[in-house]
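Single-structure report; data block below.
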Amino acid sequence: MTSNSMPEENFEGGDFNFEDDADDEQLVANCNSGRKRLFSKELRCMMFGFGDDKNPYTETVDLLEDLVIEYIAETTHRAMEIGRTGRVQVEDIIFLVRKDQRKYARVKDLLTMNEELKKARKAFDEIKYVGNEGKLK
């Protein structure tokens, strides 16, 4: 092990020295390196919409993204444990958020909008199909 490399630690019950800023910075650098940021643009826009600066600190966006990804992963794992084991279905997500009224209402709104969009696309495709049929004759 070189002086620049981080020792491997067991994060379950391990002792951490949070007073050593150099180690913390190295740990953050190791966690963030090699992973593509998936939601940075969207999170920046959301943060601005909720009153943050137009260009928030990258570290803040990265931290928020880590929290979002952790929440998604945790929720997905919990959803895989209920219902049909190993598969995530819409009903499983609804079951998990049923006690949180805000999340439950948002899920219901999104599902309703999704159905409306499907119907609109189907109607549009039917109109387009009928329009093309008339041109062929």
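Modelled spin-label separation between T112 and K99, with each label point placed 7 Å from Cα along the Cα-to-Cβ direction: 2.5 nm. Compared with the direct C-alpha span, the chain from F124 to D66 gains 16.9 nm at full extension, assuming 0.36 nm per residue.
How long is the gain from T75 to Y57 if the chain were fully straight, where each residue apart is worth 0.36 nm and the alpha carbon distance is subtracted? Present the calculation step by step, with values, prior to reporting the outcome.
Working: separation 18, 0.36 × 18 = 6.48 nm, distance 2.72 nm.
Length gained between T75 and Y57: 3.8 nm.
Site pair K41 and R84 shows an inter-label distance of 3.4 nm when each label is modelled 7 Å from Cα along Cα→Cβ.
Quick note: the coordinates plus some simple rules give every number you see, no bench work behind them. Please read these numbers as outputs of a predicted model, since none were measured by experiment. When we count neighbours, we look across all protein chains shown, and the Cβ atoms used for this are built from the backbone with ideal geometry, even at glycine.
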